[in-house]
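Student: Got a structure for you, written out below as structure tokens; questions coming shortly.
Since every read-out is calculated from the coordinates, none of them should be taken as a lab result. Just so you know, these numbers come straight off a predicted model, no measurement behind them. Here the Cβ positions follow ideal geometry from the backbone for every residue, glycine too, while neighbour counts run over all protein chains shown.
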């Protein structure tokens, strides 16, 4: 039973690694602007 559980967990982890390695995630397209106050620069 332990071998079956260990094999299942290993298969799930391996599948997750392969999925993340091959996933073509699109880059973010929204632009962000942040105003930094002049008081931070001395």
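Student: Measure off 7 Å from each Cα along the Cα-to-Cβ vector at residue 22 and residue 42, then give the distance between these two points in nanometres to one decimal.
Tutor: With each label point 7 Å from Cα toward Cβ, the separation is 5.4 nm.
Student: Report the semi-axes of the equivalent ellipsoid for the chain in whole Å, largest first, where each axis is √(5λ) for an eigenvalue λ of the Cα gyration tensor.
Tutor: Calculated on Cα positions only, the semi-axes equal 46, 16, 7 Å.
Student: Does anyone have the angle between helix 2-22 and the longest principal axis of the chain? Alpha-carbon axes, 0 to 90°, nearest 10?
Tutor: With both axes taken from Cα atoms, the answer is about 40 degrees.
Student: Can you give the helix-only mean residue ellipticity at 222 nm for the chain, where every DSSP H stretch with n ≥ 4 adds -39500 (n - 2.57) and the sum goes over all residues, rounded to the nearest 500 deg cm²/dmol?
Tutor: -17500 deg cm²/dmol
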